[in-house]
Amino acid sequence: MIFELYTAYPPSINNYYVKTQRGVFISQKGKKFRAQLIKDAHEQLGGMIPLTERLRLEVVMWVPDNRARDQDNILKPIQDAMIHANLIVDDSQIDQTFVYRGVKMPPEGALYIRVSEAAPCIPKGMEHLLDTGE
């Protein structure tokens, strides 16, 4: 494991961006979430050098209410905020993503984020394709 972080529940990707005549921008909800994740990362992790390796992202989402929610709609705001918090360089580093739904946690919900090094994913019978460096 590289780091673990508890933070606020993010806005859905549907509410993260706002489209105007001037273009597409991060909404106020998105900016608030990003600022909270940056604050939480600083408090819980201190100063970090952005990770550059291939990564595995695990998220436990404790939803704030009983509304239907698509798990994948929270990933982009989380990844974007991790970049702005200087935790990772780019979201293209994330090779493996796991999202788990926890119990309802009113009124705001919450997130647990664990980042670790990505493990190789090799189809059974294809192990010979691994580059062992020999």
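The values are calculated or read from the model by the stated rules, or taken from the named source; none is laboratory data. What you are looking at is a predicted structure, and each value in this text was computed from that prediction instead of being measured. Neighbour counts are summed over all protein chains in view; Cβ atoms, including those assigned to glycine, are modelled from backbone coordinates with ideal geometry. For accessibility, only protein heavy atoms count, side chains too; no ligands or nucleic acids. Shrake-Rupley method; radii C 1.70, N 1.55, O 1.52, S 1.80 Å.
For region 1-25, enumerate the residues that are in contact (Cβ under 8 Å) with a residue 24 or more places away in the chain and assigned to a strand (DSSP E or B).
The initial filter retains those residues of region 1-25 that are in contact (Cβ under 8 Å) with a residue 24 or more places away in the chain, namely 1-14, 16.
Scanning region 1-25 gives 3, 4, 5, 6, 7.
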Among the residues of region 37-55, write down those that are open to solvent by less than 80 Å² (accessible area, probe 1.4 Å), free of Cβ contacts under 8 Å to residues at least 40 places away in the same chain and assigned to a helix (DSSP H, G or I).
40
Residue 34 versus (1) surrounded by 15 or more Cβ atoms within 10 Å (Cβ to Cβ); (2) among the basic types (Lys, Arg); (3) more than 12 Å from the chain's Cα centre (by Cα): which is the lone unmet condition?
(3)
Given the conditions (1) free of Cβ contacts under 8 Å to residues at least 60 places away in the same chain; (2) open to solvent by 20 Å² or more (accessible area, probe 1.4 Å); (3) within 15 Å of the chain's Cα centre (by Cα); (4) closer than 25 Å to residue 15 by Cα, report the number of the one that residue 93 does not fulfil.
(2)
Considering region 56-73 alone, what residues qualify as being modelled with pLDDT of 95 or more and either β-branched (Val, Ile, Thr) or under 11 Å from the mean Cα position of the chain (by Cα) (or both)?
56, 57, 58, 59, 60, 61, 63
